[in-house]
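Have a look at the structure below, then the notes.
The values are calculated or read from the model by the stated rules, or taken from the named source; none is laboratory data. As the structure is a computational prediction, the values presented were derived from the model and not from experiment. With ideal geometry, Cβ positions are generated from the backbone for all residues, glycine too; neighbour counts draw on all protein chains shown. With ligands, DNA and RNA removed, areas are computed over all heavy atoms of the protein, side chains included. Shrake-Rupley method; radii C 1.70, N 1.55, O 1.52, S 1.80 Å.
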Amino acid sequence: MSRILLATYRSIVATGASPLANPVALKQFGITWAGLYVISNIVRPVRISIALAISKPFDNMVNGLQDKFGCKRWMAVGLVVLLLNVVLTIALLWGGHGPAWLAALSMCGHPADKGTYLQGHNSLKEGALKVAEVDGRGSARNDMSLSHLRTGVKVDPSQFGTLVKAGRDWYLLVGTQMGTLQAFKIADLLMELPIWGRIAPHLPNKETSRRKGRAKTMRTSVLKSKEADGRLAEIEKEHEAALEASRTPGQRPFPPSVPQLKLYSRWRRHDYAIEFVKSVADLILTIDTKNGLKVCQAEDSRILFRLLLPEFSCLTPYLASSEPLPEADIDVEQAQIRHTAEALCASSLVLAVRASEGCQDIDPTERVDCMKMDEGSCTAAGCCWSPVDPNPENLPWCFFSDKKVQTCKLGADPQAPFSDAEIQEVIKYFEANLNAEGTGEVMASPDHATGPGGDYYFAWARDGALSMNAYLQSKGSLQEVEEKMDSWISWLERSQNQPDPNNINILVEPKYLIPEGTPYTGGWCRPQNDGPGLRAITAMAYAALKPDMGKRIWTLVKQNLDWVAQNYDSETCDLWEEVRSTNFFWNRYTMRKALKLGAEFAKSVGDDEGSAAMYSSHADSISKLLSSHVDSDGFVFESTNRRKDTAVIEAFNVADMDDGVFSPLSKEVVTTLSGLSQLFCRSYALNQEAASKGTPGVLFGRYEGDSYAGGNPWVLLTASASTLLYRQAAAAAHTPPAAEAKQLLSDLLGREPTPQNLLGAGDALLLLMKKYLSNGMRMNEQIDRNTGELKSAQDLTWNYSNILKAMNARKAAADMLKKTDHSARLLGMTLGNSRGTLEMVELPWSTPDVEVFSSQASHAGPVLQVDYLLPFEIFVSVGEDDTVRFWSSALQLLREVFFPQPCSTVAFLRLPDMDSNAGHGDVLVGFAAHVERVPMEVWARGVKHERL
């Protein structure tokens with residue numbers, strides 16, 4: 001009997017369900033029972049002794065049954081055995097009602113006479129446990145906290161603690177004596193009560209945002225309205241009346257019986273009882289009776305830290321302001337001067353080379369190009385001449401004797417690169433190039449005569465597909481895109497179903513005339529095989545937005561993907577229409593995405609299982625080829641005849657499927673970004689100039705050794721690199737980079753690769769590019785590598801397309817940071833102890849070491865309560881010496897206030913918008929029978945603190 005009881009208990013603790021609810025619980029029960037069986041036989045002599053000891057009570061029970069029912073002894077013995085073994089065992093196994101279940105609850109830390117009654121229910125197999133509150137006073141809970149977290153509506157019993165994701169809502173988190181943490185939805189607790197209708201409208205359904213500014217004068221009066229007090233009293237009376245009305249005869253006055261509740265989630269947190277629960281943003285902090293602290297993510301229950309805290313009597317989490325106050329902002333010009341000074345200092349100490357050291361002291365990779373083409377003119381200019389052969393990295397032969405290549409750093413604080421008005425200007429120029437002359441075609445540029453490229457007034461297949469995809473991403477509804485997207489789809493249908501004058505498949509023609517819509521017949525690099533896959537990707541995205549066009553788009557998509565499936569390994573021109581190969585990474589990666597999406601589209605829209613299977617099979621074949629593009633150091637090259645090419649970064653953005661293949665923080669992607677950044681840093685004088693001034697950022701060009709129009713940085717590729725950095729910021733906000741990728745990013749940024757810093761790095765690239773825009777937001781194809789002058793095609797559509805995609809990626813990253821960037825908010829815990837001092841424990845967000853700081857001053861007795869206030873970064877504490885003390889974030893004593901009456905608690909009044917004029921920052925002091933409110937202008941008077 002005891003074995004069954006203990007095995008059942010262990011099964012419930014480990015799986016959250018009765019042993020017969022699912023195979024996992026039954027297995028746990030069996031393992032425990034078998035172990036106990038072995039142990040019971042080992043300790044059989046002890047068992048015999050116990051049996052002899054309890055024989056008297058057993059005999060009394062048998063005699064009692066004989067006396068009561070007048071039955072024979074053998075019948076009484078059988079009844080006792082049946083009662084103790086069979087009935088109780090069945091009740092426990094099936095999780096039913098009654099005394100047996102309550103006995104199990106008592107064993108689990110939920111005393112039956114004053115705890116929580118977890119009632120088994122038929123929906124247990126769906127993960128729902130009903131909770132009825134019997135008497136909350138003295139229950140098994142130790143502490144609780146409200147949390148606005150994203151959790152599930154049920155728990156899978158076979159996966160203990162696993163959440164089924166749902167929307168954000170308000171939950172009550174309860175810590176128990178068993179070390180578990182339980183979540184109950186606040187609406188379930190209160191929605192049956194009249195007061196819920198008054199509370200619900202005031203619960204935010206998203207994270208509250210602080211007001212942009214803060215009044216510079218302190219509050220001058222405390223508003224106490226009799227009318228407000230009257231409303232509060234009215235609500236309290238309604239609440240008390242509702243509680244009394246719902247009370248059943250004989251039940252204690254508080255709390256009332258309430259509807260049975262769902263246990264939304266339950267986590268095994270500690271081995272000891274939980275004494276402290278606190279929800280901070282999307283984190284949950286729990287502390288057990290042994291001072292063990294665990295910091296967990298609310299969304300997936302992942303444990304971030306385990307710490308053993310020193311002895312304490314009270315504590316509070318402390319945070320950093322997620323954004324600085326206006327009066328604390330650093331002037332931008334001063335910041336720029338500081339960065340410049342730091343860079344000059346670094347260059348003078350580390351990078352500068354005295355001319356007397358000679359040319360031989362400069363490594364080839366550190367050479368700064370002197371821009372002379374022959375030895376005579378090079379030496380006449382006072383530069384060094386030293387040929388490099390072979391020279392795959394196109395290192396300069398003529399270089400300065402007193403300069404070394406500066407190292408470009410991308411690290412910067414986030415700063416939005418474009419205002420809303422500037423983005424609207426970009427959208428205006430972008431949309432002007434769509435649906436050219438009403439044909440549905442997308443013009444590459446309205447420029448008819450631009451440098452060596454000549455006329456750009458054509459409809460490139462590649463540019464059109466990428467631009468229309470960006471158009472879909474930049475708009476919020478079908479109505480906004482329908483006209484231009486319908487025109488583009490009609491244009492695709494016309495262009496794909498006409499004879500080809502160049503004797504190739506019409507699907508791989510590179511560009512078309514506007515407005516005729518026929519292929520260009522002049523000399524050009526043909527075929528260009530990336531067009532069919534890119535067209536299919538965008539068309540399928542539009543079908544998702546406009547389902548009634550699904551069948552029509554399927555016909556178009558099938559025509560393109562059938563060609564891709566049969567010809568993905570054929571020879572083609574590269575993205576820049578200059579070289580040929582069968583193994584371009586850009587083509588393979590984008591074709592893989594097109595085929596994978598096409599397989600799903602074929603089944604869901606085309607009802608074509610055969611095509612779906614074919615597309616999926618060829619996508620798998622392409623996936624196997626991708627690893628051949630990865631060098632031993634992780635760098636991803638474009639092709640064997642064009643290795644270092646930013647087309648790879650564009651591919652990372654365009655063709656990522658969030659399936660782990662070249663994910664933003666993978667070693668391969670980070671290594672490629674770092675390698676190309678270093679290449680263009682040393683290649684362009686503009687980047688070297690920025691590095692020497694301490695300006696973060698790098699302008700990206702096409703590929704190593706590019707000579708088209710002088711081989712310059714491209715706007716669209718700098719925007720593409722920014723997009724990748726924004727995607728990395730969003731990814732890092734969810735999961736930090738692995739050690740190797742983290743080190744590479746640290747070197748690239750020149751600072752810790754936090755989500756905030758990665759976001760700032762993306763901003764830095766666009767801000768550096770924007771510096772050279774000379775006519776509003778009008779953007780040419782290129783920026784002169786030496787002078788910064790805009791060059792080549794004007795109003796290039798692909799430029800605007802990539803800028804809009806970068807801004808979409810930035811918004812997604814910024815939204816993710818608001819939800820998950822704990823390191824910028826929660827810093828650690830501040831503890832008050834019995835010695836009267838405060839101790840600050842910093843959480844190890846960026847270092848494995850845990851720092852602990854102590855205050856120099858102290859209370860005369862133990863600290864009773866401590867609290868923390870943002871955005872002022874001030875602590876307040878109360879001690880047994882009846883003093884309230886205010887401390888800086890460095891635990892320096894700012895002010896001490898004595899009270900003539902004993903005070904026991906203290907807390908700051910906090911408002912969601914942090915407006916001190918409305919009372920944010922007032923101090924509430926608790927005495928024996930009342931609470932006093934001390935306005936901020938009173939306690940802050942004379943306090944010297946930078947935040948005040």
So the carbon and sulfur contribution to the accessible area of region 420-820, 1.4 Å probe, in percent, is 49
Taking 0.36 nm per residue of separation between E571 and D747 and subtracting their Cα-Cα distance, the length gained on full extension comes to 59.6 nm
Taking 919-925, 696-702 and ranking on average Cβ neighbours within 10 Å, highest first, one gets 696-702, 919-925
For region 826-940, the accessible surface attributable to carbon and sulfur atoms (probe 1.4 angstrom, ligands and nucleic acids excluded) amounts in percent to 53
Surrounding charge for D658, neighbours by C-beta under 15 angstrom, Lys/Arg +1, Asp/Glu -1, total +1
Expected sort for 378-387, 799-808 on mean C-beta neighbours within 10 Å, highest first, is 799-808, 378-387
Expected unfolding gain across V38-R73 under the 0.36 nm per residue rule, minus the alpha-carbon gap, is 9.3 nm
Averaged per residue, the 1.4 Å probe accessible area of region 420-820, protein heavy atoms only, in Å², is roughly 34
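Rolling a 1.4 Å sphere over the protein heavy atoms, what is the accessible area per residue of region 826-940, to the nearest Å²?
Heavy-atom accessible area per residue stands at 40 Å².
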